[in-house]
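The values are calculated or read from the model by the stated rules, or taken from the named source; none is laboratory data. Computed from a predicted structure; not experimentally measured. Heads up, the Cβs are rebuilt from the backbone with ideal geometry, glycines too, and the neighbour counts pull from every protein chain shown. Remember, those area values only see protein heavy atoms, side chains included, never the ligands or the DNA or RNA. Shrake-Rupley method; radii C 1.70, N 1.55, O 1.52, S 1.80 Å.
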Amino acid sequence: MRPLNTSNLTAIKGLVNVPVYNRSLVNGIVHIGVGGFHRSHQAYLMHQLIAKNAPCEWGICGVGLREADRKMHTILKDQDYLYSLITRHPNGGVENEIIGSITDFILAVDAPEKVIDQLASIHTKIVSLTITEGGYNFNPASGAFDFSNQDIQHDLKHPKHPKSVFGYLMAALKRRMESGMKSFTILSCDNIQHNGEVARKMFLSFAKRLDENLYEWVKENTCFPNTMVDRITPVTTQEDIDYIQKEFDYIDRWPVSCEPFIQWVVE
């Protein structure tokens, strides 16, 4: 049985919808936290946009900051960053397609400098996040940034060798500031109230402790839009993997299933 990858798309095309656009895209988006929701939501919408002959500058480069991201990184890389989206309707109908908007995935624990290079690239316009509520590192009682976090303490002492999302983004923004470049937009796609305001408060708290000049520059130049996001995306099961193999005769080691409803409102 054929695996899902670029070389097999032609054979798969007669069975399921596949990307028909040139996937040699410029990655204008770096997304941190590639999981099921990102792949059913933002990556799906970018796929739709690119398929409608939008400018080719909205490809996505995924980033995994943790060792726990290695499995996703390995599978997507083996599949040329392609994956199947299974949309299940309440009436029992099912739509199936292969999504092609993700064109790269960097695992930070293996290539930290490559992550900073990608974030600092002139092509990167948006850095989007699905890092869960806990990823914003605030004290749930006070709402203040938690400086006791060990990775945060490390990043404050070793800003050129970051571990946290705060350290990586500030390392890249410092490089952009010093090079006279514009900032990228930091776009939270996590389902928390006032997610942009929360992101702004936390990133600025870290920046202020790290570098006063950088703090002032980020405060004046970096946008943190609030967003509303919604699409029910269950955890991928073995039944989802078996369904693809049985129905379409190819192997996708990590497909995504979701509901048809989708919402993404950006301030």
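Tabulated values for the structure
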item: Residue within the stretch 105-113 that is open to solvent by 40 Å² or more (accessible area, probe 1.4 Å), closer than 30 Å to N8 by Cα, touching a His at 6+ places or on another chain (Cβ under 9 Å) and not polar (S, T, N, Q) present; result: yes
item: Some residue of the stretch 12-20 being out of contact with any Cys (no Cβ under 6 Å at 6 or more places or on another chain), farther than 25 Å from K246 by Cα and loosely packed, with under 15 Cβ neighbours inside 10 Å; result: no
item: Matching helices (runs of 4 or more DSSP H) fully within the stretch 1-81 where at least 2 residues are closer than 16 Å to E97 by Cβ and under 12 Å from the mean Cα position of the chain (by Cα); result: 36-40, 42-51
item: Unmet criterion (only one of (1) open to solvent by 10 Å² or more (accessible area, probe 1.4 Å); (2) in a helix (DSSP H, G or I)) for L169; result: (1)
item: Qualifying residues in the stretch 244-267 (those that are open to solvent by less than 20 Å² (accessible area, probe 1.4 Å) and under 19 Å from the mean Cα position of the chain (by Cα)) - the one farthest from I192 (Cα to Cα); result: P255
item: Test set (1) open to solvent by 20 Å² or more (accessible area, probe 1.4 Å); (2) at positive phi - N137 fails condition number; result: (1)
item: The stretch 179-203: number of residues that are surrounded by fewer than 20 Cβ atoms within 10 Å (Cβ to Cβ) and more than 20 Å from T124 (Cα to Cα); result: 7
item: E95 in a strand (DSSP E or B) and among the charged types (D, E, K, R); result: yes
item: Some residue of the stretch 207-226 being within 16 Å of A120 (Cα to Cα), open to solvent by less than 10 Å² (accessible area, probe 1.4 Å) and not polar (S, T, N, Q); result: yes
item: Test for I75: is it among the β-branched types (V, I, T), surrounded by 15 or more Cβ atoms within 10 Å (Cβ to Cβ) and in contact with a Phe, Trp or Tyr (Cβ under 8 Å, 6 or more places away or on another chain); result: yes
item: Index of the failed condition, F147 passing every other in (1) farther than 21 Å from G62 by Cβ; (2) surrounded by 14 or more Cβ atoms within 10 Å (Cβ to Cβ); (3) among the aromatic types (F, W, Y); result: (2)
item: Among the candidates D110, D117, residue that is assigned to a loop (DSSP other than H, G, I, E, B), among the charged types (D, E, K, R) and out of contact with any strand residue (DSSP E or B) (no Cβ under 8 Å at 6 or more places or on another chain); result: D110
item: Selected residue (criterion: nearest to I232 (Cα to Cα)) from residues of the stretch 46-71 that are surrounded by fewer than 19 Cβ atoms within 10 Å (Cβ to Cβ) and among the aliphatic types (A, V, I, L, M); result: L49
